[in-house]
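As structure tokens, the structure follows; a few thoughts come after it.
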């Protein structure tokens with residue numbers, strides 16, 4: 001076995017959160033079995049990707065400065081300590097790295113002396129396009145579905161939406177940037193199974209790609225990134241329109257994205273699912289076919305079936321999130337309010353507990369102050385603070401004593 | 001990409017050439033694994049038009065990616081082999097100044113990140129110093145605070161007084177955006193101001209009444225003074241003179257600072273970023289000629305309403321107000337409603353060439 005780095009570069013919405021969760025939770029076991037997943041925190045590779053691409057991300061970039069070099073150093077140190085082995089790096093936003101950034105990434109990982117394998121997991125555009133809009137909504141965006149689609153369709157791609165969408169989803173371009181210098185057998189394409197397939201089929205494909213089949217791992221999902229239905233997504237978008245001005249990102253993430261979207265609204269599985277509008281199938285189908293042909297022609301190692309990339313036909317009844325069934329949106333809103341009430345009740349309980357602890361600490365502090373001269377000194381200080389001369393005298397006293405913050 | 005004409009143009013630009021892509025006809029062998037993007041090539045051409053960059057700067061321009069939240073490096077239109085995927089090719093001369101200014105800001109940020117920081121001047125602490133806190137308009141508060149720190153009077157401490165410094169509301173809005181730009185890189189002026197208007201209230205630091213009320217309502221309140229005439233602030237703090245009243249900076253200078261600030265965010269930690277912007281970039285931009293920003297006409301009514309509200313609140317309340325409360329009302333002054341991106345780009349290119357001069361002077 002040689003020194004191998006498997007670098008999984010995307011695409012978003014292809015089960016990457018589950019994969020990264022399993023790898024992170026099992027990193028000790030993996031290391032014992034000769035596989036390095038270099039991460040001290042769940043989002044370590046996300047931060048490294050932000051650093052590599054110099055990408056601001058709502059303040060998280062502050063924690064990312066130097067993260068890529070730190071990650072690459074760990075990989076190289078691992079290989080210095082072990083003459084052979086495998087290291088895995090995974091984050092889906094790496095898909096958008098430029099050619100220069102890819103060159104830098106591979107060089108810092110030891111390319112060409114180290115055997116680099118690029119892994120790209122892909123899913124049909126019929127599912128990816130609505131999933132990307134939903135992801136945008138869960139990241140505070142306010143734009144309606146129709147406007148999102150128009151920006152994706154715009155060939156100029158000069159909007160933030162269009163530029164980002166194609167950067168992380170255009171499979172041939174991602175492969176040009178990441179796999180241009182690699183032999184095709186070191187480029188692994190994992191296809192996401194069609195809807196309705198066995199639940200663990202995608203994991204089996206990832207497991208085979210990363211050489212994890214024979215390793216003992218806990219593969220239960222703890223950080224799923226579940227999808228929302230049409231009324232639920234619309235409701236979150238309406239919340240964004242109202243709340244973005246007043247709720248800071250640090251509160252939005254736990255309350256809206258985690259509590260409402262992931263933990264509450266994603267459980268409403270009976271509502272209509274978000275799909276591609278029927279008229280967009282006309283341009284998506286041939287584009288998808290072109291991409292599939294290109295992957296097939298280039299002879300990459302495909303794990304799964306390229307036929308998985310043929311999108312489902314348009315639904316008989318299209319549920320438009322820009323003109324939703326208002327009763328369903330109201331139902332989703334009731335669930336959301338209930339979840340927020342439950343969370344509020346939990347926080348009120350915690351607040352009460354903390355208040356009790358604080359009162360106890362105050363009482364202890366007061367007892368400590370009950371020395372005979374304390375009340376007299378306190379009264380004197382208060383009286384002195386009311387006059388200019390008194391304040392000056394106090395300042396002189398404190399300067400002479402040394403520390404102004406010491407209790408009298 | 002092995003297009004000989006594109007590589008020929010790249011070589012021409014590396015040598016200081018200024019011929020636009022549309023008029024180019026020479027060829028050359030490939031000089032790297034991939035062609036730089038249209039933005040990098042056109043920016044280098046503009047730099048060549050302005051001065052003579054060293055090979056180091058030319059290579060840096062060609063190797064630096066545009067910020068990834070915007071369009072990626074774009075392929076050249078008219079090359080022989082065009083992929084049928086990826087971003088659409090462009091003629092570099094069709095690129096907007098905005099695209100080039102963004103890239104120039106990334107280059108400046110990369111240069112700035114390597115600059116050493118001098119320790120700020122801090123005088124020895126006088127035990128008899130007046131304790132103070134400065135709030136309100138950050139462009140008026142910050143120089144005064146620095147002046148006091150240099151004289152051994154850092155802010156804070158037990159007791160003391162709180163000065164909430166303000167001026168006319170239009171200027172305060174420009175000042176706050178300027179301060180944001182030099183702290184962490186703000187969003188564009190038009191978008192930032194529109195957001196304030198949508199929110200329906202002045203940003204908290206500029207709502208002098210609200211700031212004063214908050215200070216008064218603290219459990220251990222300090223003495224609060226609102227100052228509507230910033231010239232009075234030094235005397236209230238026991239200074240005979242002061243640092244002088246700050247003049248608003250040229251719109252393009254602040255626009256460049258906010259772009260460089262944004263590009264610095266993923267490069268250096270926040271504290272160092274703020275100091276690089278305020279201690280290194282700001283002094284260079286401070287005297288840049290040009291008109292400052294003023295409130296665009298479409299928002300003037302809103303600013304007038306907010307100023308009137310603030311004026312009424314300052315007249316009614318019980319904290320001392322130094323200066324006429326009416327001074328918070330907007331003043332007509334010369335300025336531009338938005339930065340001119342072409343001026344920002346020209347300034348950025350001049351700065352890039354200046355940093356080159358420093359490299360030459362500092363070199364072996």
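Computed from the coordinates by the stated procedures, all read-outs in this text should not be read as laboratory data. Because the structure is a prediction, the values reported are computed rather than measured. When we count neighbours, we look across all protein chains shown, and the Cβ atoms used for this are built from the backbone with ideal geometry, even at glycine.
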For the stretch A:1-139, the percent of all C-alpha pairs falling in each 5 Å bin, from 0 up to the bin holding the max distance, is 2, 10, 19, 23, 21, 14, 7, 3, 1, 0
Its Cα gyration tensor gives the stretch A:158-206 an equivalent ellipsoid whose semi-axes in whole Å, largest first, are 25, 19, 6
Tell me, what is a quarter of the convex hull surface for the C-alpha atoms of chain A, in nm² with one decimal?
-> 29.0 nm²
In the stretch A:256-317, what is the volume of the convex hull around the alpha carbon atoms, normalised per residue and reported in Å³?
-> 150 Å³
Note the full-extension length gain between residue B:302 and residue B:286 as 0.36 nm times their separation in residues minus their Cα-Cα distance, in nm to one decimal.
-> 2.8 nm
Compute the convex hull volume of the Cα atoms of the stretch A:1-47, divide it by the residue count, and report the result per residue in Å³ as a whole number.
-> 90 Å³
Taking Cα atoms, the helix A:160-169 axis meets the longest principal axis of chain A at an angle in degrees (rounded to 10) of 60 degrees
What Rg and what Dmax come out for the stretch A:280-387 when only alpha-carbon atoms are used, in angstroms?
-> 33.9, 91
Ranked on Cβ counts within 10 Å of their own Cβ, fewest leading, B:225, B:317 go B:317, B:225
What's the exposure ranking of A:388, A:346, B:131, going from fewest to most Cβ atoms within 10 Å?
-> A:388, A:346, B:131
Kirkwood Rh and Cα Rg combined as Rg/Rh, the stretch B:52-193 | 1.17
Convex hull over the alpha-carbon atoms of the stretch B:1-55: what's its volume per residue in Å³?
-> 72 Å³
Which of B:116, B:55, B:89 fluctuates most in a GNM of chain B (C-alpha springs under 10 Å)? That residue is B:116
Using a 10 Å cut-off on Cβ atoms, rank the peptides B:326-336, A:82-92 from the highest mean neighbour count down.
-> A:82-92, B:326-336
Sites residue A:199 and residue A:246 - FRET efficiency at Förster radius 51 Å, r taken between beta-carbons, to 0.05 | 0.80
Sum -39500 (n - 2.57) across every DSSP H segment of at least 4 residues in chain B, then divide by the residue count to get the 222 nm mean residue ellipticity, nearest 500.
-> -14000 deg cm²/dmol
Rh (Kirkwood, all Cα-Cα pairs) for the stretch A:326-393, Å, reads 16.8 Å
Give me the number: length gained by fully extending residue B:326 to residue B:84, i.e. 0.36 nm times residue separation minus the C-alpha to C-alpha distance, one decimal in nm.
-> 80.8 nm
Per q in 0.09, 0.11 1/Å, what log10 I(q)/I(0) does a Debye calculation on the alpha-carbon atoms of the protein assembly as shown return?
-> -1.04, -1.37
At a Förster distance of 45 Å, what's the computed FRET efficiency of residue A:40 paired with residue B:342, Cβ-Cβ distance as r, to 0.05?
-> 0.45
The stretch B:221-353: radius of gyration over Cα atoms, expressed as a fraction of 2.2 N^0.38 Å | 1.31
So for the pair residue A:366, residue B:232, with labels modelled 7 Å out along Cα→Cβ, what separation do we get in nm?
-> 4.2 nm
Hey, what angle do you get for helix B:189-199 against the long axis of chain B, alpha-carbon based, 0 to 90 degrees rounded to 10?
-> 50 degrees
Quote the Stokes-Einstein diffusion coefficient, in whole µm² s⁻¹, for the stretch B:136-236, based on the Kirkwood radius over alpha carbon pairs, a temperature of 4 °C and a viscosity of 1.567 mPa s.
-> 88 µm²/s
Taking the alpha-carbon set of the stretch A:174-282, what are its Rg and Dmax in Å?
-> 19.0, 51
For chain A, set up a Gaussian network in which alpha carbons nearer than 10 Å are linked by springs, and say which option among A:345, A:285, A:67 fluctuates the most.
-> A:345
Once the Cα gyration tensor of chain B is diagonalised, what are the square roots of 5 times its eigenvalues, in whole Å and ordered largest first, as equivalent ellipsoid semi-axes?
-> 47, 23, 16
Averaged over B:66-74, how many beta carbons belonging to a partner chain fall within 10 Å of each residue's beta carbon?
-> 6
Cα-based Kirkwood hydrodynamic radius, the stretch B:1-123, one decimal, Å = 15.3 Å
Orientation-averaged projected area, Cα convex hull of the stretch A:116-160 (nm²) | 4.6 nm²
Give me the distance in nm between label points sitting 7 Å out from Cα along the Cα-to-Cβ direction at residue A:298 and residue A:60, one decimal.
-> 2.6 nm
For residue A:330 and residue B:334, extending 7 Å from Cα along the Cα-Cβ vector and measuring point to point gives, in nm, a value of 6.1 nm
Most exposed first by the Cβ proxy, i.e. fewest other Cβ within 10 Å, how do A:42, A:206 rank?
-> A:42, A:206
Among A:387, A:250, A:17, the residue with the largest mean-square fluctuation in a Gaussian network model of chain A built from Cα contacts under 10 Å is A:387
Bins of 5 Å, starting at 0 and running to the largest distance - Cα pair percent for the stretch A:77-216 | 2, 8, 15, 18, 17, 16, 12, 7, 4, 1, 0
Take the Cα pairs of the stretch A:57-98, get the Kirkwood Rh, then feed it into Stokes-Einstein at 25 °C and 0.890 mPa s and tell me D in µm²/s.
-> 200 µm²/s
Helix B:97-113 versus the longest principal axis of chain B: what is the Cα-based angle in degrees, 0 to 90, to the nearest 10?
-> 70 degrees
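How big is the antiparallel share of DSSP beta bridges in chain B, given as a percent to the nearest 5? Present the calculation step by step, with values, prior to reporting the outcome.
Values: 1 of 15 bridges.
Of all bridge pairs located within chain B, approximately 5 percent are antiparallel.
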